Amino acid sequence: MKANHNYDKLEGSYLFSKIAQKVRDHQNLHPEAKIIRMGIGDVTMPLCDAVISAMHNAVSEMGDIRTFRGYGPEQGYSFLQMAIHDYYAQRKIDLDEKEIFISDGAKSDLGNILDLMDLDNRVLVPDPVYPVYVDTNVMAGRAIEFMNATEENGFLPQPDPSVQADVIYLCSPNNPTGAVFTRDQLKQWVDYAREKGALILFDAAYEAFIRDPQLPRSIYEIPGAKECAIEFCSFSKTAGFTGVRCGYTIVPRTLNADGADLNRMWTRRQTTKFNGVSYISQRAAEAVFQPEGMRQVKANIDYYLGNAAVMMEALDTLKIPYVGGANSPYLWLKCPNQMDSWSFFDLLLKEANLVVTPGAGFGKNGEGFCRLTAFNTRENTIEAMERIKRIL
Ligand code: MLT
């Protein structure tokens with residue numbers, strides 16, 4: 001057997017595994033330390049009642065011979081596709097049921113989608129970036145080009161007409177910076193992609209955190225996007241499904257690339273390599289779109305955005321520059337005293353028992369920055385900010 005030596009080009013471990021190991025080492029040395037985790041964007045609020053009740057019902061159905069279900073459709077049950085269809089219709093986005101594919105989360109699909117692409121594509125990725133976009137391409141042996149997301153452009157790079165990209169990754173609200181594209185900025189990307197014949201992979205995992213009605217929550221709010229973009233979304237951050245696993249990907253039927261019908265190809269890929277998401281998870285996801293479920297998940301998101309407001313206030317007091325937090329669960333801050341990201345990470349861990357994510361882990365432009373998440377409890381968020389104020 002010959003191994004895939006593209007793996008040799010990757011960092012030794014995935015960013016969040018490396019951080020988890022550092023935190024374990026610190027906890028072993030200081031078993032009494034009350035560590036507050038604001039590193040990986042994992043939720044802390046339990047599933048809402050509407051979701052729990054839908055899951056209980058689904059479990060009961062699975063225990064009854066009359067309602068038991070075995071394999072479901074690989075692309076997802078129609079009841080969930082229709083709920084997603086209606087969710088988009090509220091924003092005047094018309095999707096066909098066959099364009100909606102249910103998955104176990106955005107991360108898997110963002111990796112799996114590369115099955116549809118030739119190695120010989122120019123892939124454009126913002127820097128800093130969610131590491132999955134980069135690592136999955138490196139694993140496949142594909143070269144990547146970076147575009148700079150910096151303080152100067154508000155961490156929202158715009159297209160350069162002199163560059164011919166074939167595949168473009170965009171994430172808004174952005175992971176890791178929390179910056180959000182305006183409608184005009186996103187339109188520039190859609191226009192660019194259509195002109196160049198490029199495909200946009202749009203990660204909308206954090207769309208539910210957008211509170212400003214002027215900001216787009218889906219790329220399909222931009223005219224022409226159904227001819228050039230695939231959208232990935234997830235219930236992980238919207239409804240606290242990080243441990244349940246369910247997401248969805250929209251592959252429009254109008255999406256043709258290099259003479260290929262991407263919707264047909266993705267259907268073929270999923271029916272071959274995927275056996276669908278559990279019935280229980282899909283019923284849980286369906287409940288998110290019912291009026292009561294919507295109200296309850298919004299209350300949880302409001303709570304996290306309240307945490308973000310606590311963090312923004314603390315950073316304002318400390319005069320630490322940052323972006324994000326208003327329409328996003330992430331805050332991206334400049335490390336004080338010109339510290340580099342990992343030194344600031346180590347300082348916060350050692351002196352404040354606080355875990356953040358070093359910006360350098362998201363790319364070279366992340367150096368000198370770090371990311372905080374608003375997904376902790378209010379009590380821990382307040383305590384974390386007090387600890388930061390104490391040591392700075
Ligand atoms: C993050 O912290 O960036 C995310 O939680 C990771 C993920 O969604 O996979």
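The values are calculated or read from the model by the stated rules, or taken from the named source; none is laboratory data. It should be emphasised that the depicted structure is a prediction, and the values quoted were computed from it without experimental measurement. Please note: Cβ atoms are built from the backbone with ideal geometry, for glycine as well, and neighbour counts cover all protein chains shown.
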*Is it the case that residue 136 is among the hydroxyl-bearing types (Ser, Thr, Tyr) and farther than 25 Å from residue 327 by Cα?*
yes
*Scanning segment 231-262 for residues that are polar (S, T, N, Q) and surrounded by fewer than 20 Cβ atoms within 10 Å (Cβ to Cβ), which turns out nearest to the ligand (Cβ to nearest atom)?*
242
*Given the conditions (1) out of contact with any Leu (no Cβ under 9 Å at 6 or more places or on another chain); (2) among the hydrophobic types (A, V, I, L, M, F, W, C); (3) outside any helix (DSSP H, G or I), report the number of the one that residue 277 does not fulfil.*
(1)
*Give the number of residues within segment 317-332 that are closer than 20 Å to residue 209 by Cβ and over 19 Å from the mean Cα position of the chain (by Cα).*
1
*So which of 26, 30 ends up being in contact (Cβ under 8 Å) with a residue 40 or more places away in the chain, in contact with a Leu (Cβ under 6 Å, 6 or more places away or on another chain), assigned by TED's automatic domain parsing to the domain that holds residue 328 and more than 16 Å from the ligand (Cβ to nearest atom)?*
26
_residue 267 - would you say it is out of contact with any Pro (no Cβ under 9 Å at 6 or more places or on another chain) and in a helix (DSSP H, G or I)?_
yes
*asked:* Contact list please: Cβ distance under 7 Å, first residue in segment 319-332 and more than 10 Å from residue 309 (Cα to Cα), second residue of a type in the set (Asp, Glu), pairs at least six apart or on different chains.
replied: 327/212
*Only residues that are crowded, with 21+ Cβ neighbours inside 10 Å and more than 30 Å from residue 49 (Cα to Cα): list them for segment 263-296, please.*
266, 270
_Matching entry among 207, 195 (being within 14 Å of the ligand (Cβ to nearest atom), at pLDDT 95 or above and over 19 Å from residue 137 (Cα atoms))_ = 207
*asked:* Can you report the number of residues in segment 133-156 which are within 14 Å of the ligand (Cβ to nearest atom) and over 24 Å from residue 182 (Cα atoms)?
replied: 3
*Only one residue in 299, 309, 284 is in the same structural domain as residue 152 (by TED's automatic domain parsing), under 23 Å from the mean Cα position of the chain (by Cα) and away from the ligand (no atom under 16 Å from the Cβ), so which one is that?*
284
*asked:* Taking the criterion of being assigned to a helix (DSSP H, G or I) and either among the aliphatic types (A, V, I, L, M) or within 24 Å of residue 216 (Cα to Cα) (or both), would at least one residue in segment 40-47 satisfy it?
replied: no
*Tally the residues that are on the phi > 0 side of the Ramachandran plot and crowded, with 23+ Cβ neighbours inside 10 Å, restricting the search to segment 158-198.*
1
*With respect to the numbered conditions (1) away from the ligand (no atom under 16 Å from the Cβ); (2) outside the structural domain of residue 283 (by TED's automatic domain parsing), which one is the sole condition not fulfilled by residue 78?*
(2)
